[in-house]
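Peer 1: My questions will all concern the structure given below.
The values are calculated or read from the model by the stated rules, or taken from the named source; none is laboratory data. In this text the structure is predicted, and so the values were computed from the model without any measurement. FYI the Cβ positions are ideal-geometry reconstructions off the backbone, even for glycines, and counts take in every protein chain you see. When the accessible area is computed, the model is the full protein with side chains, heavy atoms only, and any ligands, DNA or RNA have been set aside. Shrake-Rupley method; radii C 1.70, N 1.55, O 1.52, S 1.80 Å.
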Amino acid sequence: MATQSTIDPSIAPLHPPFDPKHPQPESETLEAVIARLGLQQHVEGGYFVETDRDSLRVPNPFTVNDRESESESERDGGTRSASTTIFYLLTAKSPLGAFHRNRGRTVHTLHKGRGRYVLIHADEVASASCPGGYCGDESGGLPEEEKRWTGKARIESFVVGHDILKGERLQWIVEGGKYKSSFLLPDEQGGEDSEGLLISETVVPGFEFEDHDFMRWERMQALVTKEQAVEMKWMLRKV
């Protein structure tokens, strides 16, 4: 068994910090937080609630030529809210935010807890004929994937938390077109317990589900090495 991660040689291989087959029940504290904030389950994993949607409308900067039908934003004159903001919570019961990407820029701010983020910079290796890696049928197989990318993508991994002197981040930005996944870590290094990772996310321009897609196994294989794909496969959404 490998002793170092193929993603970041300075750490052990990435693995689920909590047993995905035996999820822990939510603590009374987390149940109270979920109720007080009005959180609901997120399709990516974890919980969320939208807390703000700017009434200011701005021109939609994204091309949507790979969508078969007219989108809601197109029917609304091709505009977006200037920004949207959510609370997002990972818990021991739902500790993984599966790999996905958004077209918009996302600003993340930590409120409590610790977690690890993994970014696959797919936009950096997108072919000129496929800006940002957005083109064609999103359900296509590996041959189509190979046309979108000029090589293997850079992978970035970091811990978010309050120990800034050890390099943990309080704020981080993910530009559009990059795949991200996150998972819960114990509240203290070397510990076992966690009372959840609570953050805010602000998307600019505002989030719309048509700007979102999940990483698929075929795409991961096209974007990273075989060893990296095997190490990160558990971070894909189960469908």
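Peer 1: When residues of segment 202-230 are filtered for being under 16 Å from Tyr179 (Cβ atoms), in contact (Cβ under 8 Å) with a residue 40 or more places away in the chain and open to solvent by less than 20 Å² (accessible area, probe 1.4 Å), how many remain?
Peer 2: Residues in segment 202-230 being under 16 Å from Tyr179 (Cβ atoms), in contact (Cβ under 8 Å) with a residue 40 or more places away in the chain and open to solvent by less than 20 Å² (accessible area, probe 1.4 Å): 8 in total.
Peer 1: In segment 197-235, what residues are under 29 Å from Pro25 (Cα atoms) and over 16 Å from the mean Cα position of the chain (by Cα)?
Peer 2: Listed by number, the residues that qualify are Val230, Glu231.
Peer 1: Mind checking which pairs have a first residue in segment 54-65 that is closer than 22 Å to Ile86 by Cα and β-branched (Val, Ile, Thr) and a second that is in a loop (DSSP other than H, G, I, E, B) and modelled with pLDDT of 95 or more, Cβ under 6 Å, 6 or more apart or different chains?
Peer 2: Sorted first by the residue in segment 54-65, then by its partner, the pairs are Val58/Ala82; Val58/Pro205.
Peer 1: Let me ask you something else. Which of (1) crowded, with 17+ Cβ neighbours inside 10 Å; (2) part of a helix (DSSP H, G or I) does Leu165 not meet, given it meets every other one?
Peer 2: Single failed check for Leu165: (1).
Peer 1: Just to verify a result, which residue in segment 144-162, among those that are assigned to a loop (DSSP other than H, G, I, E, B) and without any contact (Cβ under 8 Å) to a residue 60 or more places away in the chain, is least open to solvent (accessible area, probe 1.4 Å)? Walk me through how you get there before you give the answer.
Peer 2: In the first step, residues of segment 144-162 are kept if they are assigned to a loop (DSSP other than H, G, I, E, B); the result is 150-154, 161-162.
Right, trim to without any contact (Cβ under 8 Å) to a residue 60 or more places away in the chain and you get 150-151, 154, 161-162.
Details: Thr150: 104, Gly151: 31, Arg154: 117, Gly161: 0, His162: 107 Å².
That would be Gly161.
Peer 1: Which residues, taken from segment 168-179, are assigned to a strand (DSSP E or B) and either open to solvent by less than 10 Å² (accessible area, probe 1.4 Å) or touching a Ser or Thr at 6+ places or on another chain (Cβ under 8 Å) (or both)?
Peer 2: Matches in segment 168-179: Gln171, Trp172, Ile173, Val174, Tyr179.
Peer 1: Looking for something of a type outside the set (Gly, Ala, Ser), under 14 Å from the mean Cα position of the chain (by Cα) and either surrounded by 14 or more Cβ atoms within 10 Å (Cβ to Cβ) or in a strand (DSSP E or B) (or both) - is there at least one such residue anywhere in segment 185-196?
Peer 2: Among the residues of segment 185-196, not one is of a type outside the set (Gly, Ala, Ser), under 14 Å from the mean Cα position of the chain (by Cα) and either surrounded by 14 or more Cβ atoms within 10 Å (Cβ to Cβ) or in a strand (DSSP E or B) (or both), which makes the answer no.
Peer 1: Here is a list: Val118, Val107, Val64. Which entry is open to solvent by 20 Å² or more (accessible area, probe 1.4 Å), modelled with pLDDT of 85 or more and of a type outside the set (Ser, Thr, Tyr)?
Peer 2: One residue alone meets the criteria, Val107.
Peer 1: Next up: Tell me, which residue of segment 3-23 that is touching a residue at least 24 places away in the same chain (Cβ under 8 Å) and loosely packed, with under 15 Cβ neighbours inside 10 Å is nearest to Leu185 (Cα to Cα)?
Peer 2: Pro16
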